[in-house]
Structure formats: structure tokens, C-alpha cells
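Take a look at the structure set out below.
Every number here is computed from the coordinates shown, using simple stated rules; none is lab data. Note that the coordinates shown come from a computational prediction; the quantities given were computed from them, not determined experimentally. Here Cβ is always computed from backbone atoms with ideal geometry, including for glycine, and neighbour counts include all displayed protein chains.
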Amino acid sequence: MRMILGRFSAALCAVGLAATLTVVPGIGSAPAAAATLRWSNDGDVNSMDPYARQETFLLFFMQNIYEPLVRRSKDLKLEASLATEWTQTAPDVWRFKLRQGVKFQDGTPFTADDVLFSFQRIRQPTSALNSNVATVQDLVKVDDFTVDFHTKGPDPILPEELTNWGIMSKAWCEKNNASIPADLGKVTQENFATRNAMGTGPYMLKERVPDVRTVLVSNPTWWDKPVGNVTEAVFTRIANPSTRVAALLSGEIDFVYTVPPQDVERISSTQGTKIIKSPELRTIFLGMDQAHDELAESSVKDKNPFKDERVREAFYRAIDEKAIVDKVMRGQAQPTALMVAPGINGFDESLNERPAYDPAKSKKLLADAGYPNGFELGMDCSNDRYVNDEAICQAVAAMLAKVGVKVNLLAQTRLKFFGKIGSPNYASSFYMLGWTPSTYDAHNMLASLVGTPKPGAGIGDNNDGGISNAEIDRDIDAIQVETDQKKRQALISRALGIIKDEYLYIPLHQQVVVWAARSNVDVAQMADNFFPLRFVTVK
């Protein structure tokens with residue numbers, strides 16, 4: 001089958017010229033005998049709704065059940081999934097040919113009507129993924145197995161933007177009153193899709209006990225052939241890192257998704273277990289509320305210190321990132337000055353030099369801004385999302401204390417953390433977050449994290465600090481439609497430079513992907529930290 005990918009087919013290192021690829025899904029060595037995989041993480045998936053949150057763990061977990069039109073291979077290249085072919089028929093039109101003969105797990109045939117329904121569902125205000133289709137003006141059904149995406153202007157990387165959009169069954173959602181996603185920002189809000197799932201993918205949901213256990217079993221009618229041999233996957237949340245590692249070493253579980261850096265050497269030197277690691281594309285960073293006139297949690301009243309660039313720079317220069325990498329991350333991270341990692345299209349090495357760690361200058365900047373004695377504020381952090389997330393935040397708080405800033409740290413599970421800092425609450429004054437551009441292109445980061453929020457338009461959906469910069473907004477719009485690679489890179493570099501020069505965020509590092517497994521478990525470690533079960537073999 002042939003797929004014309006447009007001008008920018010994102011890969012790990014760069015975006016290249018237009019290409020035509022031939023893809024044969026499911027080809028590989030014969031899988032071993034059927035097996036059960038028992039695996040664990042420090043946090044839960046939180047929802048079975050694939051549109052509930054723009055977060056790596058939820059996205060990859062649910063892609064075992066719900067499939068996109070276009071998916072990623074092990075090396076992150078595009079390949080056919082529910083669409084078999086796609087091409088630009090006009091500068092602002094992409095045509096997708098849909099795979100025929102596919103059925104949802106309840107036996108309902110997959111057709112263009114499900115794609116159109118899913119398009120309307122993902123655009124709902126309660127969807128966390130509407131930025132994935134932000135450039136799409138309309139979706140038109142040509143026939144039962146052909147759809148046209150009409151974009152708001154040229155969008156040369158549209159296929160890259162659709163890889164995390166799982167298609168849902170129109171009939172199933174309507175039958176179960178789940179046509180609109182539940183708002184995960186409101187902890188008490190649920191619908192049928194929050195605890196149930198039914199897609200076209202390689203696995204089906206068998207059991208769901210939130211925050212405890214989720215069991216998936218293989219889909220016997222899946223249109224493709226798995227590379228691995230896992231027919232049952234039992235996920236158990238084990239929040240305590242020592243308990244999680246002990247369960248792996250004792251053989252109670254087969255795979256650990258989040259490995260504490262302090263246990264890497266112990267696991268790698270223990271017979272029967274192994275460490276799997278590689279550089280990740282995620283950037284860990286600090287965000288600041290730059291929107292409200294007064295911080296929600298601060299000793300400063302009737303004023304927002306973060307609206308002053310000198311305060312943002314003072315925070316940046318008070319943080320010793322090298323110490324965080326060496327002592328907290330045990331070397332399992334790479335310091336960065338940019339909001340995108342090497343391997344993301346648009347990364348500019350010439351800008352990747354961090355402003356110097358300088359507590360003395362930090363104190364002077366605070367004094368010049370009117371805070372000679374510093375001030376007090378709240379900080380939000382997850383304790384089950386990123387590698388050593390709470391420990392990083394504790395280190396940041398200690399460093400800021402040395403320049404007179406007292407930080408009251410609130411570390412919570414990801415469900416509560418994301419619910420506080422993100423839509424619709426945006427209630428954090430200072431927070432730590434991580435981001436991997438789903439398109440492996442810098443535009444995704446700019447549009448999601450820096451663009452002035454436009455509710456329902458897919459711009460600024462994760463701009464939790466309310467940054468608004470007119471020049472960057474213009475660059476975001478221009479980057480989206482620019483097809484000349486040199487001009488596009490210049491626009492990206494300019495936007496990245498503004499973020500750095502005005503201290504709009506404080507990038508910390510790119511963490512190393514570190515997984516652990518029993519020696520008889522083979523996995524495909526992807527640079528976006530996705531963990532598709534279809535690639536796992538238990539010997």
C-alpha cells in the first residue's frame with residue numbers, strides 16, 4: 001500500500017522531504033506461545049476514555065484498545081492503521097482511505113461514520129485532545145471508506161498530528177450516553193467511557209479497578225498480527241518505589257514502567273532482571289502563573305511577581321540543574337535550555353545553553369523587582385508521573401529557599417495534580433510538568449504550551465501558566481502553514497529564542513527512559529516512552 005506523507009514526515013532526527021512509503025503491517029518473526037504479562041507503574045491510567053487527558057501514560061495505554069488512523073512504528077515512523085492510504089489532494093485537503101473489513105470489538109463494522117463521530121467528540125470542550133485536530137476546519141465523508149480533512153490552511157504535517165487520536169464507535173458511545181468526554185479536571189465527573197472501553201485495537205478491556213488493577217486480553221478479531229505473544233496483560237499500580245522494585249526482583253511482576261534511578265544498578269546486577277534505557281524526547285520544565293493579577297498561593301497580594309521578567313530570571317538562576325541531574329536523577333537525565341529535545345524537529349543546538357546558575361544574581365534580581373527579602377508561594381508537583389518528580393520539586397524548593405523564596409510544596413497523585421494545574425481550574429502558581437510533542441515537531445509544543453489559550457481551538461490547551469506573547473502567536477500560525485523548511489526553522493528558532501530570553505518557562509532536563517524487566521521479557525523501547533503491548537514477548 002502507498003502512503004504519501006506530505007512534506008514533513010517526522011522521524012527522530014529531522015523532518016525530510018516528501019516521501020512515498022510501502023508498509024506491510026504485522027510482518028515479523030513468528031510469536032512465541034501465548035503468555036501473560038504482569039506489569040506495574042507508580043500511577044494509574046486514571047480513565048479509559050482516550051480523550052480524557054493529553055498525557056503519555058494514558059495515551060499509550062488506551063492505544064492498546066483504541067486505534068488511530070495512522071500509528072507509529074517502533075522507530076516512530078508513520079505507518080498504516082485504520083487508514084491505509086493518505087495524500088494531499090489540495091494544499092488544504094488531506095484524503096484518507098480507510099481500512100475495510102475492520103470491526104469493533106462488539107462486532108460493529110468500522111466505517112467513515114465512526115471517524116466523523118470521533119472528530120466531533122474530540123472537538124468537545126471537555127476533550128483534552130482537541131489540539132490534535134486544531135487545524136482541521138471540517139471533515140467530509142466521501143464514501144463509507146474515504147474521508148477528506150479540510151484544514152484552515154496548508155497543514156503539511158497533519159498525519160503526524162493524528163497518531164494519538166483513537167477512533168471510537170459511534171454506535172457504542174451513543175448507546176451508552178458517552179458521546180461527550182467526561183472532564184477529568186472535575187474528579188467527580190464520569191460517564192460510561194470512563195470505566196469501560198470498546199475499540200478496534202489489539203486488546204480488549206476485561207477488568208478495571210481504578211488505582212488498583214486493570215486487565216487487558218487480546219482481541220481475537222484484530223485485523224493485524226501482533227509481533228509479540230502477550231494474550232493477557234495484568235496492570236497493577238504499585239505507588240511505593242521500593243515495593244515495586246521488590247515485586248520485580250521476586251518475580252511477582254514481569255515489567256516496571258517507572259524505575260527509580262537509585263535502583264537501576266541493583267536491578268541490572270541482579271540475576272534474572274535487566275534494565276532497558278534510552279534517551280527520551282520528553283522535556284521536564286517549571287511553569288509559572290503569568291496570567292492572573294494575583295497568585296492564588298503567595299504572600300504577595302494585589303500583584304503577580306511572575307509578570308516581572310526579573311523574577312522569572314531570578315527563579316531560573318537560583319536552580320542548579322547540574323546538581324539535580326547528578327544527585328536526584330543519578331545521571332539519568334540531560335540538562336537543557338530548550339523546551340524541545342534533540343530529535344524533535346525544530347530543535348536548535350545554537351540556543352541550547354542554559355543561563356548560568358547564579359544565586360547572587362538571583363537575589364539581586366529579586367531585590368531589583370521589589371522583593372529584597374523574597375516571598376512565599378505554593379508549588380504543585382506530581383508524585384507518580386515523572387522520574388523522581390517529587391524529589392526534583394523538593395530540590396527546587398530547597399534551592400529557591402537559599403535566595404529567600406519560601407516554597408510550600410504540594411505533591412499529589414497525577415489525577416489530583418493535573419486536575420488542579422490544568423483546564424478548567426488553572427489553579428497553580430508554580431508547577432513542574434513534562435511534555436513530549438506528539439508530532440515530534442516543535443510546533444506542537446509551541447501551540448500547546450506557549451500559544452495564547454483559545455478554548456475550543458486547540459491552541460494553548462496545556463498553557464497552564466497563561467502565557468500570552470503576540471510575537472510567538474504570530475510565529476505559531478506561520479509555522480503551521482509554512483512549507484519551506486529553512487523559513488519554517490527560522491520561525492521555530494525565533495519562538496524558542498523568545499521563550500528562553502524572556503524566561504517564559506524554566507526547562508530542566510530530558511530524562512532517560514528507564515524500564516526494568518525480567519530477563520525473559522522482550523520489549524520495544526520507544527523514544528516517546530510509549531509501551532505498546534503488541535511488541536512484547538514473554539519467553
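With contacts taken as Cα pairs under 8 Å and at least 6 residues apart, the stretch 410-510 reaches a relative contact order of 18 percent. Gain on full extension, evaluated as 0.36 nm per residue between LYS103 and ALA246 minus their Cα-Cα distance, stands at 47.4 nm. Across the options THR84, LEU98, ILE180, the greatest Cα extent toward the positive end of the charge dipole of the stretch 80-222 (unit charges at beta carbon of Lys, Arg, Asp, Glu) belongs to ILE180.
Each Lys and Arg Cβ is given +1 and each Asp and Glu Cβ -1; about its Cα centre, the stretch 76-128 then shows a dipole of about 60 debye. Annotation for the stretch 328-406: GluC sites (Glu not before Pro) lying in DSSP loop with at most 16 further Cβ atoms inside 10 Å of their Cβ are GLU353.
Note on HIS292/ALA470: beta-carbon distance plugged into 1/(1 + (r/R0)^6) with R0 of 25 Å gives a FRET efficiency of 0.85.
Treat every Asp and Glu Cβ in the chain as -1 and every Lys and Arg Cβ as +1, leave all other atoms uncharged, and give the resulting dipole magnitude about the Cα centre to the nearest 20 debye.
Values: 59 positive and 65 negative charges, 199 e Å.
Value, rounded to 20: 960 debye.
Measuring against 29 Å, Cα to Cα, the residue pairs LYS97/LYS420; LYS175/LYS539; LYS170/LYS206; LYS274/LYS327; LYS103/LYS416; LYS206/LYS420 contain LYS97/LYS420; LYS175/LYS539; LYS103/LYS416; LYS206/LYS420 as the ones spanning a longer distance. Legend: P(r) of the stretch 157-249 from all alpha carbon pair distances, 5 Å bins from 0, whole percents, reading 2, 10, 14, 17, 21, 17, 12, 5, 2, 0.
Cross-link partners of LYS307 among lysines, defined as those whose alpha carbon lies under 16 angstrom from its own and excluding same-chain residues fewer than eight positions apart: LYS500.
Here ASP302 and LYS402 are evaluated by their C-beta separation; at R0 = 35 Å the FRET efficiency comes out at 0.80.
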